[in-house]
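J.: Right, I'll just put the structure down here and ask away after.
The values are calculated or read from the model by the stated rules, or taken from the named source; none is laboratory data. Bear in mind that the values here come from a model prediction, so they are computed numbers and not experimental data. Here the Cβ positions follow ideal geometry from the backbone for every residue, glycine too, while neighbour counts run over all protein chains shown. Side chains are part of the model used for accessible areas, which takes the heavy atoms of the whole protein and leaves out ligands, DNA and RNA. Shrake-Rupley method; radii C 1.70, N 1.55, O 1.52, S 1.80 Å.
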Amino acid sequence: AGVKGTASERTFIAVKPDGVQRGLVGKVISRFEERGYKLVGLKAIVPSKQLAEQHYADLSARPFFKGLVEYMTNGKAPVVCMVWEGKDVVRQGRAMIGATNPLESAPGTIRGQYCVSVGRNIIHGSDSFESAEKEINLWFGKAGELIDWEPATWGWIM
Ligand code: RTP
């Protein structure tokens, strides 16, 4: 996931099927672009049950786990998977997304603006640099799926 704390830091962001179905992909992309981050990976997939279970392995003992996997894999709409790059993008991404509990997600955050239900919270973002590394490998495992590119102005902006 790039180098932590530098402009090459990377995070995994996914618009979940409810967010895709509600037409919020463009808004999510705009927010990250406008903040100054660089999109280095993007694809839409309906994940297998195995992939969703691996992604949420830490939550496998929780009572909502089965429903969570079903929500991610139901195929009503794909998951739009992204890798974003830039300074402090892991922590900034979490801040931009907002708290998991809808009652705590501040207005102006993505969840605070677009959702009211913890089980339909439209977006995922890696919660640490180490999670980002794992999740990027899991969702973008194939060679050539991530593109390194250089905006002309990057050096003096960040
Ligand atoms: P995410 O991993 O999706 O970015 O979410 P998060 O870190 O903010 O929250 P986490 O605790 O890791 O939970 C992962 C996802 O599980 C669903 N969830 N449902 N009580 C419930 O029904 C419940 N709690 C959590 C949410 O979709 C949450 O994003």
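J.: If I model a spin label at ALA143 and ILE45 as a point 7 Å from the Cα along the Cα→Cβ vector, what separation in nanometres do I get?
T.: Spacing of the two 7 Å Cα→Cβ label points: 1.7 nm.
J.: Which residues does the label zone of ASP58 cover in the range 99-134, counting backbone N under 16 Å from a point 7 Å along Cα→Cβ?
T.: Answer for the range 99-134: 99-101, 124-134.
J.: May I ask you to list the trypsin sites (Lys or Arg not before Pro) in the range 70-117 that are in a DSSP loop and have at most 16 other Cβ atoms within 10 Å of their Cβ?
T.: Hits after loop and neighbour filter: LYS76, LYS87.
J.: Follow-up question, since we're still on this one. How would you classify the range 68-116 from its alpha-carbon gyration tensor, with a ≥ b ≥ c the square roots of the eigenvalues: rounded for a/c under 1.5, else prolate if a/b is greater than b/c, otherwise oblate? Provide the component values of the computation, followed by the final result.
T.: Numbers: a/c = 2.49, a/b = 1.21, b/c = 2.05.
Because a/c hits 1.5 or more and a/b fails to exceed b/c, the range 68-116 counts as oblate.
J.: Could you state the accessible area per residue of the chain in Å², with a 1.4 Å probe and every protein chain left in place?
T.: Details: 8420 Å² over 158 residues.
It amounts to 53 Å² per residue over the chain.
J.: To the nearest 20 debye, what is the magnitude of the charge dipole of the chain about its Cα centre, counting +1 on the Cβ of each Lys and Arg and -1 on the Cβ of each Asp and Glu?
T.: Values: 20 positive and 17 negative charges, 92 e Å.
Approximately 440 debye in magnitude.
J.: Right, something else. Measuring from centroid to centroid over Cα atoms, what is the spacing of the range 84-157 and the range 1-42 in Å?
T.: A separation of 5 Å, based on Cα centres.
J.: For the chain, build the charge dipole from Cβ charges (+1 Lys, Arg; -1 Asp, Glu) around the Cα centre, then report which of VAL15, GLY144, LEU42 sits farthest towards its positive end.
T.: Among VAL15, GLY144, LEU42, the one farthest towards the positive end of the dipole of the chain is VAL15.
J.: Can I ask one more? Nearest 500 deg cm²/dmol is fine: what mean residue ellipticity at 222 nm does the chain get from its DSSP H runs of n ≥ 4 alone, each adding -39,500 (n - 2.57), divided by its residue count?
T.: For the chain, the value works out to -10000 deg cm²/dmol.
J.: To the nearest 10 Å², what's PHE65's accessible area with a 1.4 Å probe?
T.: 30 Å²
J.: Quick one: angle between helix 25-35 and the longest Cα principal axis of the chain, in degrees between 0 and 90, rounded to 10, please.
T.: With rounding to tens, the tilt is 30 degrees.
J.: Expressed as a fraction of 2.2 N^0.38 Å, the rule-of-thumb size for a compact globular protein of N residues, what is the C-alpha radius of gyration of the chain?
T.: 1.00
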